[in-house]
Amino acid sequence: MQNLHRQTLIGIVAIIAGLFLMLVAIPNWVSSPSNVRNIILSPVFWPYTLAALTILTGIGLTVTGHFSSEDLTPAPAEVSGGYGRLLIMAVVMVIYMFGLPRLGMVWTSMLAFVATAFLVRTSHPKTALICAVCVPLVLYVFFAHIASVAIPQGNFVRLP
Amino acid sequence: MSFVDSILAGLSLVGNFEAFLALFAGVAIGTIAGAIPGMSATMAVALTLPFTFSMQPIIAILLLLGVYKGGIFGGSIPAILIKTPGTPASSATVLDGYPLAEKGQAGKALGMALWASCTADLISNLALILFAGWLASFALNFGPPEFFTLILFSLTIIAGVSGASLLRGALSAMLGLLLATVGLDLVYGTNRFTFGDPSMMGGLNFIAVLIGLFAIPEVLAMVWDPKPHKGQTRSLGDNKVTFGEYKRCFKSIVRGSFIGVFLGSIPGIGAAPSAFLSYSEARRKSPNRDNFGKGELEGVAASEAGNNGVAGATLIPLLALGVPGDVITAIIIGAFMVHGLQPGPMMFILNVDIIYGLFIGLIVSSVFLLFIGSVAIRGFKYVADIPRGVLFPGVLVLCVYGVFAVNNNIFDVGVMFVMGWVGFLMMRNDIPAAPFLIAFILGPLLEDNFRQAMLMSGSSPAILFRGPITWFFWGLTVLTVIAIIRAGIRATRTLKRRA
């Protein structure tokens, strides 16, 4: 029964997303010149068509979900601490992104490596620590000196 | 330009050390990545892509094709040795490969997998060379309405067969099409979902979306449920496959290769169904059918031939029509675009040297695969020992460097992270990511061709039915939808009967 609800839930989310697009997102965030004579050629035509098709797909999912007995991937509520780790990972990603211009890509990557290794409960902490230092440095050498990419250096320690 | 002139032009482009080195390195990287449990050929190609930006187009694409070929074979190594397919395409190899390993004949199974892979790869490449040019010359007659119906058909079949459910595949494709509308309008140049941000005016970066969808969800899945890979690595034993055994399985290998070529040339079907079909056909026709599933060498040969037969054939629609046959070719189409090339029929006229250079490279890649594969089989235990707790943080860092390198833009890193969460949610809800990515690539082409057709006809939809080619693709689209719906109904009935 729980599986049926999940398919139905996906359908309901799709319907809400389609309605949001039709009623809010497209009218406000898609601009169309006023002199377009035919709606088919307007910049809003394609987004409206896709939003309508999303709603139709959502209805299909809701209806079939109600009658389907298909086994979807079960919700693994038994994975202890899963949501907590995901939340920490989300924070790590935000810090990673905002740390790039300030700390520099190499140093931020080292910290992110260590944090992720800790989150995935690495059984090789020493190897992880060595890799956390080496991998960002090797990638820096490749991208900065071979591919000529301007890797962010940050405001504190600059690399050659 | 004659056929010989085209081959010579291709040879002048790839007949150098750098090209062969790139191909060799690509096959090696792919084989290693495919053999690492938790990595896949798709991830390997996606993560290699940023390293190719500074290369010449032909070198870059050869490297990626090498990774693709190596990745498909590499997946069979853990399938046989630890009962964990490295790629979904290797799932059928487990059926007989692992029982052989349990009997102490892992070396024999891997040897046969390698020979079958190389043979199928060669047949698939020859099919590509034979059919791509022919299909491209036919596609030169296509105008916007024909391309619109072709892309619509491709999207239908990709959405329908990429996952367990047509509707979830369709939803995934819708999301991809919607995301592709972000940026400036193709005709009027007005803003669509850009929120006034200049970073979004060119649309969302393809590589950020791609890596976000296919690499980051794996990292998040590992964070969600951290567990080391299970399965005990079997020793190779001192058994090697003999020429007599290869000869005995040759019929199944050739049959599997042709199944792979046929299914691979249809967009969206991919290597896994081909491997299973080849396996079941081999079992049906084999005098040893009772031994299948208990450690039959012919089973390994058939499934490997089935999945490797797809590799060259998926490039037929890619090169001839500009339509990716699967996720990996969708990434490769992105690589073409990054390097300023647009695959499709015109490429056979404008860049014939690159096309034939690729053909030559692909043939050579089969030979490289044979050498690298035989070394990889022996070195697998070192690859299997890479701890996942070190691998996945490394993948995260690699993703950030790679995505940043595309445009030197931190915004793209943010897009990748957001797409990673979207991909993770899709993964957890059994919504396939492949239709999303392929729709994201094909979306602008679909809209562009549709609007061009409407401009040509003064907004009359009759132009979309203007000739036999458009009717042919409409017919195929309708047939595909009917077939997928029927298959869905049948599957639901079977499930209900079992319940």
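Summary of values
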item	result
Furthest towards positive pole of dipole, B:LEU315, B:THR480, B:GLY196, structure part chain B, Cβ charges	B:THR480
Residues B:PHE138 and B:ARG490, FRET efficiency given R0 of 35 Å [Cβ-Cβ distance, rounded to 0.05]	0.50
Given B:LYS227/B:LYS247; A:LYS126/B:LYS103; B:LYS83/B:LYS240; B:LYS103/B:LYS251; B:LYS103/B:LYS247; A:LYS126/B:LYS108, the pairs whose alpha carbons are separated by over 30 Å	B:LYS227/B:LYS247; A:LYS126/B:LYS103; A:LYS126/B:LYS108
13 Å beta-carbon shell around B:PHE424, net charge (K/R +1, D/E -1)	-1
Nearest-0.05 FRET efficiency for B:GLU102 and A:VAL138, computed from C-beta distance (R0 41 Å)	0.55
Under-5 Å amide H pairs with A:VAL30, H placed in peptide plane, nonlocal only	B:PHE193
Residues whose placed amide H lies under 5 Å from that of A:SER123, excluding near-sequence neighbours	B:GLY389
Whether the stretch A:82-146 is rounded, prolate or oblate, judged on the alpha carbon gyration tensor where a/c under 1.5 counts as rounded	oblate
Distance between modelled label sites at A:ASN28 and A:ARG102, nm, 7 Å Cα→Cβ extension	2.9 nm
Prolate/oblate/rounded call for the protein assembly as shown, Cα gyration tensor, a/c under 1.5 rounded	rounded
Degrees separating the helix B:434-457 axis from the principal Cα axis of chain B, which is the longest one	30 degrees
Span-like helix ranges in chain A, DSSP H, alpha carbon extent 24 angstrom or more, Kyte mean at least -1.0	A:2-20, A:45-67, A:82-103
Angle in degrees between helix B:57-74 and the longest Cα principal axis of chain B, rounded to the nearest 10	40 degrees
Residues in the stretch A:33-61 occluded by at least 30 Å² - accessible area, probe radius 1.4 Å, against chain by itself	A:PRO33, A:ILE40, A:LEU41, A:PRO43, A:TRP46, A:PRO47, A:LEU50, A:THR54, A:THR57, A:LEU61
Model label zone, B:PHE472; criterion: amide N under 19 Å from point 7 Å along Cα-to-beta-carbon; scope the stretch B:250-277	B:262-268
Alpha-carbon centroids, the stretch B:153-197 and the stretch A:126-142: separation in whole Å	37 Å
Whole-Hz ³J(HN,Hα) from phi, Karplus 6.51 cos²θ - 1.76 cosθ + 1.60, for the stretch B:146-160, glycine and proline x	5, 5, 4, 5, 5, 5, 4, 4, 4, 5, 4, 5, 5, 5, x
Signed unit charges on C-beta, dipole axis of chain B, positive-most listed residue B:GLY423, B:ASN409, B:SER76	B:SER76
Between the stretch A:17-34 and the stretch B:312-328, the Cα center-to-center distance that results, in Å	34 Å
Listed residues B:THR314, A:THR49 arranged by accessible area, highest first, probe 1.4 Å	A:THR49, B:THR314
Only Lys, Arg (+1) and Asp, Glu (-1) charged, at Cβ; chain B dipole about Cα centre in debye	1900 debye
Using alpha-carbon coordinates, inclination of helix B:91-102 to the longest axis of chain B, degrees	20 degrees
Net charge of Cβ neighbours under 11 Å - reference A:SER123; Lys, Arg +1; Asp, Glu -1	+4
Rel. contact order, % - alpha carbon contacts under 8 angstrom, at least six apart, chain B	28 percent
The stretch B:3-498 shape via C-alpha gyration tensor axes, a/c threshold 1.5	rounded
Inter-site label distance for B:ASP5 and B:VAL367 at 7 Å from Cα along Cβ, in nm	2.7 nm
Value of Rg to Rh for chain A (Rh from inverse mean 1/r over Cα pairs, i.e. Kirkwood)	1.16
Approximate spin-label separation A:ILE59-B:LYS294, in nm, with each point projected 7 Å along Cα-to-Cβ	5.5 nm
Local electrostatic count, B:TYR246, Cβ distance below 14 Å [Lys/Arg +1, Asp/Glu -1]	+2
Spatial separation of Cα centroids for the stretch B:247-268 and the stretch B:49-99, in angstrom	18 Å
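The values are calculated or read from the model by the stated rules, or taken from the named source; none is laboratory data. Being a predicted model, the structure only gives us computed values, none of them experimental. Note: ideal-geometry Cβ built from the backbone for every residue, glycine included; neighbour counts use all protein chains shown. Protein only, heavy atoms only, side chains kept; ligands, DNA and RNA dropped before computing areas. Shrake-Rupley method; radii C 1.70, N 1.55, O 1.52, S 1.80 Å.
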